[in-house]
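To keep things clear, I will list the structure first and then write my remarks on it.
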Amino acid sequence: MSTDTKTVRTAPQMALDLVETGDGDPHHYGMDEKFSKKIPEGVSSKLLYNDIIRIAWPSFIELILTQLASMVDMMMVGQLGPWALSAVGLTTQPKFMMMTMFMAMNVGATAMVARYKGASEPHKANGILRQALLMTLVLSSVSSVIGYIFSEPLIAFMGAADQQTLDGGTIYLQIQFMGFVFMALTSTVTACLRGVGDSRTAMVYNLTANVVNVIGNYVLIYGKFGFPEMGIAGASLATVIGQCVAFVLAFAAVMGKKSYLHLSFRESFRPDWEALGSIFKIGLPAMLEQAVMRCGMIIYSKTVAGLGTLAFATHQVCMNIQSLTFMNGNAFAVSATSLMGQSLGKKRPDMAQAYVSRTQRIGMMVSVLIAVIVFFFGGQIISLYNDDPEIIRVGAQIMKMMAIIQPLQSSQFILAGALRGAGDTKATAMIIFVTVLLVRPAIAIFSINVLDWGLYGAWIAMIADQLLRTAFVFGRFNSGKWKINGMKIKQ
């Protein structure tokens, strides 16, 4: 699973290696242009597309199969009844809220590792890896203890409709927090690997973990091969076991001497305030963004939970499927983030812009295919989770609503990833504040409680959020301000 240094340099950076680092002249880099589609001198579209796909395809496979494993998890849990779907669904936002701090710092780590990769400074890139792991260890340890202690109040706060749902959600969340640190450290390794364009390694260990998770679900939920029948607790335990497997494989990968990112315990793990400052400069706005997003999602989720167990179960199934559609944009966003950071590390914002525009095109084409599948086969997909006729009927209609926004959703994810790669996280935080914390909850509350549109009203709010967010992200990227901000970040 270790990646040869030569392979990392020549594969994901083919086009970048053809151009020299410039002298800082903004006119030479096209920094005076807001949005140019002109190919930089010395490269071709073919080389740009090769770089994009070489980074994106392992991430695409990894993310798609990871989400499919999550869907299988939900399908298995769904056989226990709508209450079980609701119980697991109520744990999602509290868990993500506790992940906010270290996940946001991972954004900073990815951007800085990519920057040092582009500047050909592997020692500094490895220093960022060590500092990011140290930070994650501290933040995730504190979060896991707090989350475990307050699991039951969190599930009650999210709107558990009955005692069975409250008890099931509580035990599920407590087990998740028992494996929280392992999951967090693995995510930081993944973030740093993506910064250097190595998405294959993460694909291997995450897919291995997903296989373990699915097998564990079958064995522990239903009590197969002599294991006890643990129900919803078994689903959570299987997830944690898979995360521990990923943790071991991830650390084995970066401790290999041939890898570009090499973790050595002989090197100092003492806090390096300069390196931490670089991570915080990018990560702090991302943390605020994630915190705001989770607050908005909690308000939104609580509003939907008020519709009752059956409606919330339907909502959770649809959200689980929507997460699969996110993977297209997320995978190509990995390319956009990595290549943006590496291009700016070489002081080539014109290359960054060329990469992003082509990444957006590929993501758009894939999203159209996803939209067709979701629109015409939504009902059949819903029926895999639960055979309740009402869940299938309402869910199928929501799937059609979901299909409509696929192309714009994909572009939004990719451009937001590019902005984060440039370190322009303040802009994305402000966009999330307006759309997720203000627009989505407000429309959901109004359409559900005043217009009495039920679950359809909640998804109209979701679509309004996505459309407005897309418009803001497009506007920010096309303004070209990320070029100036990205070049100011200290390397």
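The values are calculated or read from the model by the stated rules, or taken from the named source; none is laboratory data. In this text the structure is predicted, and so the values were computed from the model without any measurement. Cβ atoms come from the backbone with ideal geometry, glycine included; neighbour counts cover every protein chain shown.
Would you check if residue 203 is of a type in the set (A, V, I, L, M), farther than 18 Å from residue 420 by Cβ, assigned to a helix (DSSP H, G or I) and at pLDDT below 90? It would help to see each step written out before you state the result.
Values: of a type in the set (A, V, I, L, M): yes; farther than 18 Å from residue 420 by Cβ: yes; assigned to a helix (DSSP H, G or I): yes; at pLDDT below 90: yes.
Taking the combined requirement at face value, the residue satisfies it.
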Sole exception among (1) β-branched (Val, Ile, Thr); (2) modelled with pLDDT under 85; (3) closer than 24 Å to residue 190 by Cα for residue 309, by number: (3)
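Would you tally the residues in segment 384-395 being part of a helix (DSSP H, G or I) and either in contact with a Cys (Cβ under 8 Å, 6 or more places away or on another chain) or closer than 16 Å to residue 325 by Cβ (or both)? If you could, list the steps in order and put the result at the bottom.
So the first thing to find is which residues in segment 384-395 are part of a helix (DSSP H, G or I), and the list is 389-395.
Adding the requirement that they be either in contact with a Cys (Cβ under 8 Å, 6 or more places away or on another chain) or closer than 16 Å to residue 325 by Cβ (or both) leaves 395.
Summing the residues that are part of a helix (DSSP H, G or I) and either in contact with a Cys (Cβ under 8 Å, 6 or more places away or on another chain) or closer than 16 Å to residue 325 by Cβ (or both) in segment 384-395 gives 1.
Listed residues 368, 372; which is surrounded by fewer than 18 Cβ atoms within 10 Å (Cβ to Cβ), in contact with a helix residue (DSSP H, G or I) (Cβ under 9 Å, 6 or more places away or on another chain) and under 30 Å from residue 47 (Cβ atoms)? Break it down stepwise before answering.
Numbers: 372 fails: under 30 Å from residue 47 (Cβ atoms).
368 is the lone residue from the list that is surrounded by fewer than 18 Cβ atoms within 10 Å (Cβ to Cβ), in contact with a helix residue (DSSP H, G or I) (Cβ under 9 Å, 6 or more places away or on another chain) and under 30 Å from residue 47 (Cβ atoms).
Among the residues of segment 302-315, write down those that are within 22 Å of residue 446 (Cβ to Cβ) and touching a helix residue (DSSP H, G or I) at 6+ places or on another chain (Cβ under 7 Å). If you could, list the steps in order and put the result at the bottom.
So in segment 302-315, the residues within 22 Å of residue 446 (Cβ to Cβ) come out as 302-308, 311-312, 314-315.
Within segment 302-315, 302, 303, 304, 305, 307, 311, 312, 314, 315 qualify.
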Matching residues, segment 252-271, being buried (at least 17 other Cβ atoms within 10 Å of the Cβ) and assigned to a loop (DSSP other than H, G, I, E, B): 260, 261, 262, 263
Candidates 280, 265, 269 - the one that is without any contact (Cβ under 8 Å) to a residue 60 or more places away in the chain, within 19 Å of residue 188 (Cβ to Cβ) and aromatic (Phe, Trp, Tyr): 265
Boolean, residue 55 is surrounded by 16 or more Cβ atoms within 10 Å (Cβ to Cβ), at pLDDT 80 or above and closer than 25 Å to residue 130 by Cα: yes
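If only one of 292, 248 is at pLDDT 90 or above, assigned to a helix (DSSP H, G or I) and either touching a helix residue (DSSP H, G or I) at 6+ places or on another chain (Cβ under 9 Å) or within 26 Å of residue 404 (Cβ to Cβ) (or both), which one is it?
248
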Test: residue in segment 202-218 that is within 30 Å of residue 262 (Cα to Cα), buried (at least 19 other Cβ atoms within 10 Å of the Cβ) and among the hydroxyl-bearing types (Ser, Thr, Tyr): yes
